[in-house]
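The values are calculated or read from the model by the stated rules, or taken from the named source; none is laboratory data. Not measured: the values here are computed from a predicted model. In this analysis, Cβ positions are derived from the backbone assuming ideal geometry, glycine residues included, and neighbour counts consider all displayed protein chains.
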Amino acid sequence: MSERLRSDFWVGAYIRRCSSEGVVAMLRRRGAAEAGAIMVKVDRLDGTATLYAPAPQTAFAERGIDRLFARAHTEDAIAVIDAEIRLKSQIRFDPDLWIVEVEDRTGRSFLDLDLDET
């Protein structure tokens with residue numbers, strides 16, 4: 001099994017990927033450079049957002065994917081204020097957390113998703 005890509009490198013590449021698609025993505029919170037967990041908030045710019053968190057490692061270990069994400073709530077989208085409350089809670093739980101925010105009216109995330117979790 002190969003070594004996992006550092007979180008800081010992954011975040012930089014992810015932000016560039018979003019930019020290449022014409023979508024604004026920004027780093028909101030820098031976590032631990034080597035192995036901090038990453039959460040992505042996709043703001044649909046209509047008062048709703050979707051939060052993505054790391055999928056369980058068992059979901060992607062066999063697929064050869066470096067990072068796999070799952071929606072952090074059961075609904076397709078939640079109110080932006082609810083997303084912010086969840087992010088603050090996660091920061092209290094994990095001070096090494098990275099947060100990336102994407103702005104896309106159609107809700108595109110450009111993430112590898114664990115479709116069993118969504």
### Query
Of all the residues that make up region 17-55, how many are over 14 Å from the mean Cα position of the chain (by Cα) and either among the basic types (Lys, Arg) or part of a helix (DSSP H, G or I) (or both)?
3
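Residues of region 37-55 being among the charged types (D, E, K, R) and at pLDDT below 95, which ones? Reasoning before the result, please.
If we filter region 37-55 for residues that are among the charged types (D, E, K, R), which is where we start, we get 41, 43-44, 46.
Residues satisfying the conditions do not exist here.
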## Note on the structure
Taking region 83-108 and the residues there that are part of a helix (DSSP H, G or I) and basic (Lys, Arg), the one that is farthest from GLU34 (Cα to Cα) would be ARG86
### Message
Return the residues of region 56-82 that are buried (at least 17 other Cβ atoms within 10 Å of the Cβ), at pLDDT 85 or above and not in a loop (DSSP other than H, G, I, E, B); say none if nothing qualifies.
### Response
PHE69, ALA70, ARG71, ILE78
### Message
Cβ-Cβ under 7 Å, sequence separation 6+ or interchain: first residue in region 9-33 and more than 17 Å from LEU45 (Cα to Cα) and touching a residue at least 12 places away in the same chain (Cβ under 8 Å), partner basic (Lys, Arg) and not in a strand (DSSP E or B). Which pairs?
### Response
TRP10/ARG67; ALA33/ARG6
